[in-house]
Structure formats: structure tokens, C-alpha cells
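Worksheet: the structure to be examined is printed underneath.
The values are calculated or read from the model by the stated rules, or taken from the named source; none is laboratory data. No experiment lies behind these values; they were computed from the predicted model shown. Heads up, the Cβs are rebuilt from the backbone with ideal geometry, glycines too, and the neighbour counts pull from every protein chain shown. These accessible areas exclude ligands, DNA and RNA; they are computed on the full protein's heavy atoms, side chains included. Shrake-Rupley method; radii C 1.70, N 1.55, O 1.52, S 1.80 Å.
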Amino acid sequence: MTLLDVDGLSVSYGRRSGRVLSDVSLSVRPGEIVGVVGETGSGKTTLVRAVVGLAPAEAGRVTFDGTEVTALRGRRLRAFRRAGGIQLVFQDPLRSLDPDLTVAAIVAEGLTVAGGLTRSEQAERVDEALTRVGLDPALGSRRPGQISGGQRQRVALARAIAVRPKLLLCDEPVSALDASSRNRVLLLLDRLRRELGVAIVMISHDLTSLAGAVDRVAVLFGGRLVEQGPVGEVFGDPAHPYTALLVASAPSIGERPLGRPAASLRPPLDREPWPHGDGCRYAALCPFATTECAVEPRREARTGGRAVACHHADTWPDLVGRTRGALT
């Protein structure tokens, strides 16, 4: 059963910026954690904003729990948001939490918007949410500037789960935290999905954080989804050169795939500029690009729930040795 289904989603922010997302398809099942990884500007945050209707879809559709979100307008869209089925945890809790409100008031915001609860019931739900994320309800009287960064991140999570959503969208939930706080938040997310059955989409540029925390991973480059599948398989044996470069650049997640050094996955410095304006978004940076890459590769489904968009997915690994020789 699919909880979230993103099908052929494209998003543009006007003519100057061009398409930020192009033909992105992704699904999330109940109780599953899916990671979305890619460099800055790849479209990760735009993807989650489009899922909740904060970024207008130019093409494609987003369906959540049987409701086509991209078809909602006006009153129906406001009612969908008030229901709280999807909650977005923003990247910087210091800026996304109102500095003038107490922690208790912040966590209660979604409950107030949804309505239907008395003050005492709201207070119980706030205390329950704070306790569930590992915070003492006594912190409810403090303001965001009076607590630590790790505590602010957990307050943001408490606010999100207080309305009992089915899906959490977490934008870089651990990027601003130290190693100890980062591990606590990652363990907390795993516990929330087990205890509450909530699905989670976790955005990150840090493969180390994702490797041990997610079930499946989707890789974005230039607004396109270039690869997705079970995290162990995608990081262990990448099918796309860009994924392989990301993994090779983050050796702390384990052994580099097939022993490939990062240098062998970059084009030679003396290579001629890529002459084609269209086609594969990664071709200009890919050492394995050919004239075939002047045409945008189609997404190819593979066994085990994997998918890749690359003309040379089956052949580029054999060329790594040749490329390495050209670089040494």
C-alpha cells in the first residue's frame, strides 16, 4: 500500500530560474523512511514543498492517502492542511520556531489550527508529544532561544507529531547538530516510525546520516531523479555515476563501491566542454558521457525496487579503470 505517490512532478519558479524539478516520481509506504539525497540546488526542498502544496506543480501529480493534493484549491486545500496528515519539519528550527512563543504554545499551534480539542486536552497532547521526543514537559515554559539546538530540533518534531500525522517531511533534520545530538535525533525518528507507524521522508546531503537511518533512498541531480532503491543496494552498488561519486566522496559510510576512487568518477580536466544544452543533466560532469547522452535518459525500472536514469548504467562501471588511467 502506498501512502504518498509523486508521479511525474515538475516545478518551475518562473522563466529565469527554469525548471527546478523535472518529471520526478517517488512513492512512500506507511511506516517507511525514505531518504532524498543530492547536492545543494538539486531540488530536494522544492520536492517536499510541492508535496504539501507550498510550491505549485507545473506538471504531474501528488497523491496522499488517496487524495490528489495537486488538484486541491482554495477551501479544500486549506481543509487538507488543517487535517494535519502531512507535517513539514523545516531545516532551521531556530528560524522556524516563533521566538516570542513558549515551547508549549509552539507545540500546540497545529492542534489550535485543527480545532476540536479543549484546553486541557491540548495541554495533555503537548505534554505527550514532548515526552515522546525525549523532552521534559517542564521545558514548555521556555522559549526557543533558551534551549539548545538539539532540544529545538526535538521541539520541532514534537510540534509535528502532536497532530498525529501519517507522514513527516524532514528537511535536513540533523545538519546543524553535533554528532551526539545528530545520533539522538536519528534514533528518535526511527522510534517514532515504529511506535506511531508514521512514514518519514528525510532530506539530507549527508550520506553518512542517511545510510543507517533510511529504508530506501532517492538521488536527485539538477532537479531530476537519477536513481532510487533500497539504501544498502544503492550505496553499496550504485547504478548511476553521480551516485557513485557521492558515495566515493563519503568514505565514512563504508567501503567505496567496487573500490572506485572519487577521481575516477570525474571527467578529465582537458575534456572539451559538453556541447549539448539538452539531454542528460549530468552529462557535462560525467566522464562516461557520449553523444547518446544528448537525449534525456528515461527512468528504467530494475529488480528489487530499484530504478535508474542513465544510458550507460550497465556499461560505465567497466570503463572506470580506463578513466582512472587517464587521470593518473
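Looking at Asp65, is it closer than 20 Å to Leu192 by Cα and surrounded by fewer than 21 Cβ atoms within 10 Å (Cβ to Cβ)? Spell out the reasoning first.
Details: closer than 20 Å to Leu192 by Cα: yes; surrounded by fewer than 21 Cβ atoms within 10 Å (Cβ to Cβ): yes.
Yes.
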Checklist entry - What's the number of the condition Arg191 fails, among (1) touching a residue at least 40 places away in the same chain (Cβ under 8 Å); (2) out of contact with any helix residue (DSSP H, G or I) (no Cβ under 7 Å at 6 or more places or on another chain); (3) of a type in the set (D, E, K, R)? => result (1)
Checklist entry - Considering segment 86-103 alone, what residues qualify as being farther than 28 Å from Val28 by Cα and outside any helix (DSSP H, G or I)? => result Asp98, Pro99, Asp100, Leu101, Thr102
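Report yes if some residue within segment 24-33 is in contact (Cβ under 8 Å) with a residue 40 or more places away in the chain and in a helix (DSSP H, G or I); otherwise report no. So that I can check it myself, show each step before the final result.
To start, the set of residues in segment 24-33 that are in contact (Cβ under 8 Å) with a residue 40 or more places away in the chain comprises 24-26, 28-33.
Subset that is in a helix (DSSP H, G or I): none.
Scanning segment 24-33, I find no residue that is in contact (Cβ under 8 Å) with a residue 40 or more places away in the chain and in a helix (DSSP H, G or I), so the answer is no.
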Next on the checklist: From the list Arg76, Arg49, Arg81, Arg142, exactly one residue is at pLDDT 95 or above and either on the phi < 0 side of the Ramachandran plot or exposed (fewer than 15 other Cβ atoms within 10 Å of the Cβ) (or both). Which is it?
Outcome noted: Arg142
Next on the checklist: Within segment 167-180, does at least one residue satisfy the condition of being in a helix (DSSP H, G or I), out of contact with any His (no Cβ under 6 Å at 6 or more places or on another chain) and on the phi < 0 side of the Ramachandran plot?
Outcome noted: yes
Checklist entry - Say we look at segment 23-42 and pick out the residues that are within 10 Å of Gly223 (Cα to Cα) and open to solvent by 10 Å² or more (accessible area, probe 1.4 Å); which of these is farthest from the chain's Cα centre (by Cα)? => result Asp23
Item to check | Of the criteria (1) surrounded by 19 or more Cβ atoms within 10 Å (Cβ to Cβ); (2) touching a helix residue (DSSP H, G or I) at 6+ places or on another chain (Cβ under 7 Å); (3) in a helix (DSSP H, G or I), which one Val113 fails | outcome: (1)
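Could you tell me which of the residues His311, His276 is modelled with pLDDT of 90 or more and open to solvent by 40 Å² or more (accessible area, probe 1.4 Å)? Walk me through it before giving the result.
Details: His276 fails: modelled with pLDDT of 90 or more.
Residue meeting the stated conditions: His311.
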Next on the checklist: Looking only at segment 215-238, count every residue that is closer than 16 Å to Gly304 by Cβ and either free of Cβ contacts under 8 Å to residues at least 40 places away in the same chain or open to solvent by 10 Å² or more (accessible area, probe 1.4 Å) (or both) and tell me the total.
Outcome noted: 11
Next on the checklist: List the residue pairs whose Cβ atoms are under 7 Å apart, where the first residue sits in segment 62-79 and is among the β-branched types (Val, Ile, Thr) and outside any strand (DSSP E or B), the second is at pLDDT below 90 and crowded, with 16+ Cβ neighbours inside 10 Å, and the two are 6 or more positions apart or on different chains.
Outcome noted: Val69/Gly53
Checklist entry - So Asp136 clears everything in (1) charged (D, E, K, R); (2) in contact (Cβ under 8 Å) with a residue 12 or more places away in the chain; (3) farther than 26 Å from Leu47 by Cβ except one condition, right? Which one? => result (2)
Checklist entry - So how many residues does segment 145-183 have that are open to solvent by less than 70 Å² (accessible area, probe 1.4 Å) and of a type in the set (D, E, K, R)? => result 6
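Given the residues Asp215, Asp178, Asp190, Asp206, which is the only one that is out of contact with any Lys or Arg (no Cβ under 8 Å at 6 or more places or on another chain) and over 23 Å from Gln87 (Cβ atoms)?
Working: Asp215 fails: over 23 Å from Gln87 (Cβ atoms); Asp190 fails: over 23 Å from Gln87 (Cβ atoms); Asp206 fails: over 23 Å from Gln87 (Cβ atoms).
Result: Asp178 is the single residue among Asp215, Asp178, Asp190, Asp206 that is out of contact with any Lys or Arg (no Cβ under 8 Å at 6 or more places or on another chain) and over 23 Å from Gln87 (Cβ atoms).
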Next on the checklist: Here is a list: Ile200, Ile106. Which entry is among the hydrophobic types (A, V, I, L, M, F, W, C), in contact with a Lys or Arg (Cβ under 7 Å, 6 or more places away or on another chain), open to solvent by less than 10 Å² (accessible area, probe 1.4 Å) and outside any helix (DSSP H, G or I)?
Outcome noted: Ile200
